[in-house]
1. Using label points projected 7 Å from each Cα along Cα→Cβ, tell me how many nm separate Thr254 and Glu174, to one decimal.
2. Using Cα pairs under 8 angstrom and six or more residues apart, how large is the relative contact order of segment 181-325, in percent?
3. Amide H to amide H under 5 Å from Thr136: which residues, 5+ apart in sequence or cross-chain, H placed 1.01 Å off N in plane?
4. Any chance you could run the full-extension gain for Ser201 through Ser46? It's 0.36 nm times the residue separation minus the Cα-Cα distance, nm to one decimal.
5. In nm, to one decimal, how far is the modelled label at Tyr312 from the one at Phe71, with both set 7 Å along Cα→Cβ?
6. For the chain, with equal point scatterers placed on the C-alpha atoms only and solvent neglected, what are the log10 I(q)/I(0) values from the Debye formula at q = 0.07, 0.08, 0.09, 0.15 1/Å, to two decimals?
7. How would you rank 326-338, 121-133, highest first, on the average number of other Cβ atoms within 10 Å across their residues?
8. Filter the GluC sites (Glu not before Pro) in segment 49-157 to those in DSSP coil with at most 13 other Cβ atoms within 10 Å of their Cβ, and list the result.
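Laboratory data are not the source of any read-out in this text; all were calculated from the coordinates shown. A quick note: this is a predicted structure, and the numbers were derived from the prediction, not measured. Virtual Cβ from ideal backbone geometry, glycine too; neighbours counted across all protein chains shown.
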Amino acid sequence: MITYSKKFNSSVRKRPIHVSYLQRKPRPKQNYSLEFIFDDLRHRLSGDIRPTVHRAPFYSNGLIRRTLIAFSATLHQGDLNHITGDINFASLFLSRKRTLLTILDAGVMNRKQGLRKTLLDWIWFRLPAKSARVITTISESAKRDILEYVKVPEDKIRVIPVAVSPDFEWSPKEFDTSCPRILQVGTKVNKNIERLIQALSGIPCKLQIIGPLTDTLRNQLRANKINYENWTNLAISDVVKKYQQCDLLTFCSTYEGFGMPIVEANAVGRPVVTSNVTSMPEVAGDAACLVDPFDITSIREGINKVIQQPEYRKVLIKNGRNNAMRFDANVIANQYLALYQELHAFVEGSLHPHFSTQ
């Protein structure tokens, strides 16, 4: 159960800002970090904002459904409109001066080619970016990637990190050096599971994987004699338990817009092995062992270093606890509140914007 703490000092206003949150329609049997993040945010800002939530009437498939999603959004506008990700095109018909668009990352562009990539570029990035007054994203790395596809001034894009859920509490555990439980969160192609499996070959461990496995991955796990467990569609409370039960988190992705499992493991008190590319060094700071995700030997050496060097592990765990404080939910909520207040003052004509008006 998520708990919320009060409260923020804010300037007195006649009424709270009405923020309309425009969200995707959740698909069944999947975890929804976006929904958890913004549900927590709304609770923390209650009193400072008057939130309403409009979920898209359709899944984001096909031109007709996406057009209807965008038109539906126009019927649910507030003082401010916040599109919270994954349906960027919903901004196309909204009041531009009132609209804030969250673009999590541009990783999807790496998986498309030809005409589909061009259409995605325009519908997901270029046109929505022009249709919003302010864009937020979750890391400096993600901001750099987005700027490759949208031609807007840099100051139009604000970086507000992802908050770690308060469910992930400090929970010390004695490290099992003989057969550590290694947690892997996520199984999409960018999660780099194939190289992780090869890196673990011959290392006594139990690999705990959250996310659906393909037949190819299962065959590779068997071929490399990896002892593993696998879960899908876990409740947040069950995900927390997996962190508490593990000895080590591996998160050796080839691309991440942020990399929330790094911070979640930091908050629980588990050492982390993660990648030295895209956003992961930025998020991890000095609280993880950084490896080359494209080099199986580098991944293997990083995992062995954490297993075999207890003093190094202690440093990572200590640094991790401090690192997680950067992503405290109250800190992140205050950053959103400040942006809402700034944008609302601009809409009301009482403040010169600190962001680009282009």
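1. According to this spin-label approximation, the distance is 4.1 nm.
2. On the way: 272 pairs, mean separation 33.9, N = 145.
Over segment 181-325, the number comes to 23 percent.
3. Long-range HN contacts for Thr136: Leu101, Thr102, Ile103, Arg158.
4. Values: separation 155, 0.36 × 155 = 55.80 nm, distance 4.99 nm.
Between Ser201 and Ser46, full extension yields 50.8 nm more.
5. 6.0 nm
6. With no solvent term, the Cα-only Debye profile gives -0.32, -0.42, -0.53, -1.32.
7. Highest mean packing first, the order is 121-133, 326-338.
8. Qualifying residues, ordered by number: Glu148.
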